[in-house]
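Structure, as structure tokens:
Every read-out reported here was derived from the displayed coordinates using simple, explicitly stated rules and does not represent laboratory data. As the structure is a prediction and not an experimental result, all values here were calculated from the model. Using ideal geometry, Cβ is built from the backbone for each residue, glycine included, and neighbour counts are taken over all protein chains shown.
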Amino acid sequence: MMDAEAIKRSLETSGLRCTPQRYAVMQFLMDHSGHPTAAEIYAAVNRADPRSSRATTYNNLRDLVQAGLVREVAIEGRAARFDAKGKRHHHFICDRCGNVEDLDWYDVPKPATGSLGKRVLRETELIFRGLCARCAPRRASG
Ligand SMILES: [Zn+2]
Ligand SMILES: [Zn+2]
């Protein structure tokens, strides 16, 4: 869990000024691990501080993603979800309800030598897809 000082420091070491709005976005993401959408983040930040506009919130979110502090989880056909990159983890995305859940981190093998060509690899993470516990069919026998 990151405290206020840690959030400030991580913003500054990423070259981002710690504005109240940026801090609010970061703090909301640290406190809510449920992968909110940009609209949900905006609603929460605006509730706490009605001065932050939608454009500012969305721009801050984009800056945080670019700085590597926030991860954007793209889900085809649905709004992207966001989470603070506190602890490394993989994701499980439910086919039916679109729920995004964290799975414990384990190291993923790097692609075979040569298969990347001239690409520069930044990170590797896995996305598992299927049915979450709520959507999975229940077994007849408990
Ligand atoms: Zn589900
Ligand atoms: Zn996550």
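Within a straight-line Cα-Cα reach of under 24 Å, residue 8 can be paired with the following lysines, leaving aside sequence neighbours fewer than 8 residues apart in one chain: 85, 87. Working ranking of peptides 64-70, 119-125 by packing, defined as the average number of other Cβ atoms within 10 Å per residue, highest first, is 64-70, 119-125.
The Cα atoms of the range 4-83 give a gyration tensor whose axes a ≥ b ≥ c have a/c of 1.5 or more with a/b no greater than b/c, which makes the shape oblate.
Beta bridges from DSSP with both residues in the chain: antiparallel share about 70 percent, rounded to the nearest 5. Across the chain, the relative contact order, built from alpha-carbon pairs under 8 Å that are at least six residues apart, equals 20 percent.
Summary of the geometry: the range 104-142 and the range 1-64, compared by the centres of their Cα atoms, lie 27 Å apart. Placing a pseudo-label 7 Å from each Cα along the Cα-to-Cβ vector at residue 76 and residue 4 gives an inter-label distance of 4.5 nm. Along the range 124-133 the Karplus relation, 6.51 cos²θ - 1.76 cosθ + 1.60 evaluated at θ = phi - 60°, assigns HN-Hα couplings of 10, 9, 10, 10, 9, 10, x, 10, 6, 4 Hz to successive residues, with x for each Gly and Pro. Under the combined filter of DSSP loop state and at most 15 neighbouring Cβ atoms within 10 Å, the range 1-104 retains these GluC sites (Glu not before Pro): 76.
Applying both filters, DSSP loop and at most 13 other Cβ atoms within 10 Å, to the trypsin sites (Lys or Arg not before Pro) of the range 7-80 gives 17, 51, 78.
Please report the antiparallel percentage of the DSSP beta bridges confined to the range 87-142, to the nearest 5.
Just about 55 percent of them are antiparallel.
In this calculation the C-beta distance from residue 17 to residue 51 is compared with R0 = 22 Å, giving a FRET efficiency of 0.85.
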